[in-house]
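Written below as structure tokens is the structure these notes are about.
The values are calculated or read from the model by the stated rules, or taken from the named source; none is laboratory data. All of these numbers come straight from a predicted model, not from anything done at the bench. With ideal geometry, Cβ positions are generated from the backbone for all residues, glycine too; neighbour counts draw on all protein chains shown.
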Amino acid sequence: MGEEVSLRERVFRELLLHPDYGPSDMARHLGANYNSVKAIYGKLCEEGFLLREGRGKYSLNIPRMILDLYDRLRKLEG
């Protein structure tokens, strides 16, 4: 049995591949509920991984992502 991936993880991974997708594009692409995808975009904005540019327009916050990865690596290194 394969490992089940959460919708949040699917959205985040697809955003890395398709950074121009807004919530409606992403919902269509994944065959997911629009309101669920929109809520995930909101949460990613709250966490600092996405920046809201305007209605339905978002951009990846690359510096925030790099800092998050750096912090995770430091924790693993002990």
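Annotations for the structure displayed:
- Among the residues of segment 16-53, those that are surrounded by fewer than 15 Cβ atoms within 10 Å (Cβ to Cβ) and either on the phi > 0 side of the Ramachandran plot or of a type in the set (K, R) (or both) comprise R28, G31, K43, G48, R52.
- Helices (runs of 4 or more DSSP H) fully within the chain that include at least 2 residues being of a type in the set (S, T, Y) and in contact with a Lys or Arg (Cβ under 9 Å, 6 or more places away or on another chain): 34-46.
- Which numbered condition L67 fails, given (1) modelled with pLDDT under 95; (2) aliphatic (A, V, I, L, M); (3) loosely packed, with under 12 Cβ neighbours inside 10 Å: (3)
- The number of residues in segment 33-64 being among the aliphatic types (A, V, I, L, M) and either within 13 Å of L16 (Cβ to Cβ) or touching a strand residue (DSSP E or B) at 6+ places or on another chain (Cβ under 7 Å) (or both) comes to 5.
- Subset of segment 11-37 (residues that are charged (D, E, K, R), within 11 Å of the chain's Cα centre (by Cα) and farther than 16 Å from S59 by Cβ): R13
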